[in-house]
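Please treat every number below as a calculation from the coordinates, not as lab data. Please read these numbers as outputs of a predicted model, since none were measured by experiment. When we count neighbours, we look across all protein chains shown, and the Cβ atoms used for this are built from the backbone with ideal geometry, even at glycine.
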Amino acid sequence: MPQIKICGITRPEETEYLNQNQVDYAGFVFYEKSKRNVSISQAKKLMNLLDKNVKRTAVTVSPDAELVQSIEQAGFDILQVHREWKESVLKSCKLPIWRAVNIQSIREAKEQLEREKAFFIPQLTGFVVDGASYGGGETFRWEDAEEDAPEAKAFADLLHKMKEKTFILAGGLKAQNVSEGIRIFSPDVVDVSSGVEGKDGKEKEKIEEFVKEVRKSERIR
């Protein structure tokens, strides 16, 4: 079954929900325009509450050298990069890097991932395939995969052949659709944020429901 990443952690009680459900990754957002934005100092306090086996992921948008350095010093395990890929900044990064691509369709995803090959550096270990807008809470057009099975298979094969990079499926996931996403795309990791949120942030019951659905799902290769 896929591993689970809960993204956009902002409160101490949310770390407890992650610990109780034994998820694999916790994501902390460093982007001022996001309602889930936290400071490095806030993130460090929250990270200290997580079980040791939960990997800490720093989610960034076009990060500069100063932010990357602060993230490394804070003790994160993974750097996730959206939007601009600053090779001069990231080449010196000591952390594994997940590259996030925002797409609307399977065809667009294939084209963008092919372009991303030009930016391969040793630290690049995974691709986050997200919806059209970062943090938008919407899936890309999954129906394209259902309507064109060969196209969907070619997309999945591309992901798994890109030097064995981790494939993280994100964008609009929730308990009600995550099984379908796993069935169609066979991701290595499923990444959820708004799909387990209520008015005041992450909700215990929604996380439990999401985790339950993931763990009873099967990937089809």
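Details
- For the stretch 39-48, 3J(HN,Hα) per residue [Karplus equation, 6.51 cos²θ - 1.76 cosθ + 1.60, θ = phi - 60°, Hz, x = Gly/Pro]: 8, 4, 5, 5, 4, 4, 5, 5, 4, 5
- Anisotropy class of the stretch 21-118 from Cα gyration tensor, a/c 1.5 cut: prolate
- Separation of the alpha carbons by more than 23 angstrom is noted, of Lys55/Lys204; Lys174/Lys212; Lys35/Lys110; Lys52/Lys91; Lys86/Lys165; Lys35/Lys91, for Lys35/Lys110; Lys52/Lys91; Lys35/Lys91.
- Distance-filtered residues of the stretch 54-76 - backbone nitrogen under 20 Å, label point 7 angstrom along Gln123 Cα→Cβ: 55-76
- Packing around the peptides 7-17, 81-91, taken as the average count of other Cβ atoms within 10 Å per residue, puts them in this order, highest first: 7-17, 81-91.
- Amide H contacts under 5 Å for Leu124, placed H, 5+ residues apart: Ile97
- Full-stretch length increase - Leu49, Lys86 - with 0.36 nm per residue and alpha-carbon distance subtracted: 10.2 nm
- Computed E for Glu114/Ser39 - FRET, C-beta separation, R0 45 angstrom, nearest 0.05: 0.80
- Distance between the modelled labels on Gln20 and Gln3, one decimal in nanometres: 2.4 nm (7 Å Cα→Cβ projection).
- In sequence order, the stretch 59-68 has phi-based couplings of 9, 10, 10, 6, x, 9, 4, 5, 5, 4 Hz under the Karplus curve 6.51 cos²θ - 1.76 cosθ + 1.60, θ = phi - 60°, and Gly or Pro positions carry x.
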